[in-house]
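S.K.: Quick one: this structure, given as structure tokens, is what I'll be asking you about.
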Amino acid sequence: MDLIQDNHLTQFTVADVMISADKVAHVQLNNPLEHALLVLVKSGYSAVPVLDTSYKLAGTIGKTVILNQIIGLEHFEGEKLSELYVREVINEDIPVLKKEDTLLKGLDKVINYPFICVVDDEGYFAGILTRRTILKQMKRDYYQQKY
Ligand code: 4BW
């Protein structure tokens with residue numbers, strides 16, 4: 001409890017530690033799944049944000065949902081990768097954060113999601129808050145309190 005009351009988790013905002021949009025791998029709603037899988041495999045991430053053509057956040061997409069689409073009963077149906085689009089399998093049911101939200105609010109959300117998308121008031125994508133950045137900040141605060 002001390003960790004939360006005395007340190008800066010409530011003073012730091014999401015904007016202080018988020019990964020900004022220009023450094024985040026993403027795909028677009030109108031990309032074929034082929035392209036999305038390529039981005040996921042080449043970036044090494046298991047899921048990435050999905051944006052619309054005006055760079056507003058639309059949801060997320062991960063490797064598992066794409067692979068599920070092409071696993072047939074007897075063989076891989078790879079041709080589906082060029083026939084299906086990101087908009088058909090996107091996960092739209094995701095939490096979001098605002099830049100001005102506290103890190104404590106972010107901590108609460110990353111318990112159930114490895115990363116949380118950050119948007120502005122109009123829904124434009126600003127970046128992501130990851131478990132890694134939250135944990136790094138908490139570790140820093142812990143050692144600053146101790147010594
Ligand atoms: O390419 C990577 N570089 C580094 N430095 N770490 C990586 C990389 N790929 C994975 N990791 C590590 C991170 O600790 O594995 C964790 C789980 O990755 P994930 O979920 O399952 O692909 C990473 O944890 P994290 O940094 O807290 O990131 C949580 C999730 O946020 C990732 C990924 O889905 C997303 N993500 C992180 N950075 C991203 C990103 N998505 C797009 N672009 C980025 N720059």
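The values are calculated or read from the model by the stated rules, or taken from the named source; none is laboratory data. Since the structure is predicted, the reported quantities are computational estimates derived from the model, not experimental observations. For neighbour counting, all protein chains shown are included, and Cβ atoms are generated from backbone atoms with ideal geometry for every residue, glycine included.
S.K.: What residue, among those in region 108-147 that are of a type in the set (A, V, I, L, M) and more than 27 Å from TYR55 (Cβ to Cβ), is modelled with the highest pLDDT?
M.R.: This residue is ILE111.
S.K.: Kindly list the number of the only condition in (1) within 15 Å of the ligand (Cβ to nearest atom); (2) within 12 Å of PHE125 (Cα to Cα); (3) touching a residue at least 12 places away in the same chain (Cβ under 8 Å) that fails for LYS56.
M.R.: For LYS56, the failing item is (1).
S.K.: Please find, within region 126-147, the residue that is farthest from ALA21 (Cα to Cα) out of those that are away from the ligand (no atom under 11 Å from the Cβ) and touching a residue at least 40 places away in the same chain (Cβ under 8 Å).
M.R.: GLN145
Listed here are the residues, each with its yes/no results for (1) within 16 Å of the ligand (Cβ to nearest atom); (2) of a type in the set (Ser, Thr, Tyr); (3) within 19 Å of ILE134 (Cα to Cα).
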| position | (1), (2), (3) |
| --- | --- |
| PRO32 | no, no, no |
| ALA36 | yes, no, no |
| VAL50 | yes, no, no |
| GLN69 | no, no, no |
| LYS80 | no, no, no |
| GLU88 | no, no, no |
| THR102 | no, yes, yes |
| ASP108 | yes, no, yes |
| ASP120 | no, no, no |
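S.K.: For region 117-139, which residues satisfy the criterion of being surrounded by 12 or more Cβ atoms within 10 Å (Cβ to Cβ) and of a type outside the set (A, V, I, L, M)?
M.R.: So in region 117-139, the residues surrounded by 12 or more Cβ atoms within 10 Å (Cβ to Cβ) come out as 117-120, 123-138.
Once the filter is applied, which keeps residues that are surrounded by 12 or more Cβ atoms within 10 Å (Cβ to Cβ) and of a type outside the set (A, V, I, L, M), region 117-139 yields CYS117, ASP120, GLY123, TYR124, PHE125, GLY127, THR130, ARG131, ARG132, THR133, LYS136, GLN137.
S.K.: I'd like to check which helices (runs of 4 or more DSSP H) are fully inside region 1-83 and have at least 1 residues that are modelled with pLDDT of 95 or more and β-branched (Val, Ile, Thr).
M.R.: The helices (runs of 4 or more DSSP H) meeting that bar are 14-17, 33-43, 63-70.
S.K.: Can you confirm whether TYR113 is within 14 Å of the ligand (Cβ to nearest atom), hydroxyl-bearing (Ser, Thr, Tyr) and surrounded by fewer than 18 Cβ atoms within 10 Å (Cβ to Cβ)?
M.R.: Values: within 14 Å of the ligand (Cβ to nearest atom): yes; hydroxyl-bearing (Ser, Thr, Tyr): yes; surrounded by fewer than 18 Cβ atoms within 10 Å (Cβ to Cβ): yes.
It is true that TYR113 is within 14 Å of the ligand (Cβ to nearest atom), hydroxyl-bearing (Ser, Thr, Tyr) and surrounded by fewer than 18 Cβ atoms within 10 Å (Cβ to Cβ).
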